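Read the figures in this text as sums done on the coordinates, not as results from a lab. This is a predicted model, so every value here is computed, not measured. Neighbour counts are summed over all protein chains in view; Cβ atoms, including those assigned to glycine, are modelled from backbone coordinates with ideal geometry.
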Amino acid sequence: MNYLKTITFTLLLFILTTSNSRAENKKIKFGKVSKEELEMKVYDQDTSAVAVILYDSGASFFETEYINDNSNFICKFERHVRIKILKPEGFDFATFKIPLYHDSDGEEKIGALKAKTYNLDGKIVTDKLEKNSIFDEETSPNWKRVKFTMPNLKIGSVIEIKYQISSPFYHNFRAWQFQYSIPVIYSEYRTQIPSYFNYQKTTKGYYPITRRDDGGRRENFLIKYREMDQQSGSAKMIEHQYTLTPTSQVYIYLAENIPSFKTESHMLAKENYLTMIEFELQSYQFDGGAFHSYTSEWKDVKKKLNESYDFGSALKKDGFIKDILPDIIKDVKSEEEKTALIFQAVQNNIKWNEKKRLFCDKSLKNVWKEKSGNTAEVNLLLVAILRNAGIEANPVVLSTRQNGIIHPSHPTITQMNYVIACAQIEGQNYLMDATDPYCPIGILPFCCLNNKGRLITETNSEWIDLDPGKGSKISIMSNLCLTEGGTLKGKVTEAFYDYEGIDIRKKISNNTEGYTEKLESDYEDWNISEIEYKNLDDRNKPLQIKYSTEIENIANMEGERIYFNPILKYKTSENPFKLEQREYPVNFGHPIQENYILILELPTNYTLEEQPKSELIKLPENGGTYTYRVSKTANKIMIQYKLNISKSQYLPSEYEYLKEFYNQIITKENQVLVFKKIEPTAIK
């Protein structure tokens, strides 16, 4: 037994040592591009790659900076990256957008920026990025970005940039991304953090990262400050200085030959799944100084939001509401009716300005007056009016689908970027977003369907499920006659429920004539007429579109036989899942249903000769079904299919089944009916 333990330990030690030796950190010099890099035509490990990151090196460490008579710790971040352009699509990776944070306490600054493009034209030709090609862009109230595109780009170019960011914000310690949508040959990140600072490290993604402990380093930080001379009658400033000597822990994170991240349909933000490492400040304390805790609980997030001038305090500045409320709710008594009227009033009167925000930029009174606002302003106004009407209402903060998943164990305001409203009536929650004029109560915009949000009350906060309990449903019913010439004639009724109803109403956008013209142009062979819209303005009912049609060239005529594919609309023609293996979940956002019925009347002298078999296709664990049926009564054929995607999300382990599920649907929907001409019965 002891002998086995010895072998196991030795083997484990060998594996760890080998792992570390394979991922030794490499250093290259800026400007020393090789001829081999420029002659490279393709990346052998991924011949489809449009570009490849040859080298990506980063470092974060601390220095002190003397400003306004005091020394402060500054977090420094450096990056040096070299990229090879292989195809025209790779030019996109020659545009850089470097985010910088700022607030009333200071700003991040970029410096030591160097950027060059290298091409091979008999010899190595170098083009330097000029200063007038660098631009600043404001992206949100607290963020801007430095943007530039590399010069003289060609297929085969190598581009290289190097820069440094100085940040006074300890909480904004830079994350490091190892994986991108192009392959990475080598990536390393070096962190050197003094013992004064405590960060929680979180790794994400599916590609392994090697961490190497480079031990502790004694550092010297010069601290200077000036103060008024304490001697009586003196107005002189005295400068003091001393040195702090903490031990800084050094880690190097390494990864090599990282494959490109392959995006696919039905996924949340790819940032949720890319291989990266993130740092969250937990606390800091200098020698002899006060202890500063940044470890938050959700109650701290709730407190900060409620005390914020642009969130909780904004809700209390509601004096103007008493003047507008009577005209909104009139003589209505029930809470349900009041809620519906108030929701409609905000939804119909306030236009969303397309900005997704967690905080208000102006007062709720001005939002009502100007008839426009961001997501926080519109929905906090809704909460405020509901409260004034005696409805228990509170805001819900969340992160949208493309903003990333909220980490439940890392409570922080910065994770959220959106606000919705929640009314609680007789113990039931009604979620609302008045920014979307097409969403009824209980259905949120698709961008909000990102698992859970945080309900913020004045005394508490709790998780709330954002799943609306409703999904997307299409129902189509067709009664058509097939002529001997292969033309279909008859009537079609389409019904769109919930999210499908929202999408179609947006496309119609109160312009039925325009939508009718588009429908006719999209289906030229259908010859659509007598079109009728039902429940267009009632968002709580399915939208119905009825029309007559005469469809030409829909069937193949071969001698005495007609070959006909009965799936006329909403046919699954392509599998949305193409990867050999998917390492992240499939997220539809909500369940999906499609109901399709075609009742087909045959010509009197034709009969059904061949038909697809009826079939039931199932996903494991009640994950979904697809039913296909063909039945015949007299000279009428009924074709029916029903698709039911019953879950909003499927795990990577279910991907293979989901992919095959769609393969079988495509096979089934490509099958045809065969009608054969028969001789009329002789009269005796």
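Data for the structure
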quantity	calculated
Cβ-based exposure ranking for R401, R561, in which fewest neighbours within 10 Å come first	R561, R401
In Hz, Karplus ³J(HN,Hα) per residue of region 92-97 (6.51, -1.76, 1.60; θ = phi - 60°; x = Gly, Pro)	4, 7, 9, 9, 10, 10
Relative exposure of F359, F30, F169, judged by other C-beta atoms within 10 Å (fewest first)	F30, F169, F359
Positive-end residue, region 495-559 charge dipole about Cα centroid, Cβ charges, pick of S548, Y515, G501	G501
Least to most buried among T117, T667 (fewest other Cβ within 10 Å first)	T667, T117
Rounded to whole Hz, the Karplus (6.51, -1.76, 1.60) HN-Hα couplings of region 655-666, x for glycine and proline	4, 4, 5, 5, 4, 5, 4, 6, 4, 5, 5, 4
Top positive-direction residue, dipole computed over the chain with Cβ charges, set C360, L381, N70	N70
DSSP bridge pairs, region 298-465: antiparallel proportion in percent, nearest 5	90
Burial order of peptide ranges 189-197, 91-99, 430-438, 632-640 (average beta-carbon count within 10 Å, highest first)	430-438, 189-197, 91-99, 632-640
Dipole magnitude of the chain about its Cα centre (Cβ charges: Lys, Arg +1; Asp, Glu -1), debye to nearest 20	1120
Given charges at beta-carbon only (K, R positive; D, E negative), |dipole| of region 214-373 in Debye	580
Span from the region 85-140 Cα centroid across to the region 309-381 one, whole angstrom	42
Label-point gap, in nm, between Y66 and K26 - each point 7 angstrom along Cα→Cβ	4.2
Check: region 411-521 dipole with +1 on Lys, Arg Cβ and -1 on Asp, Glu Cβ, in debye	180
Span from the region 419-437 Cα centroid across to the region 555-630 one, whole angstrom	38
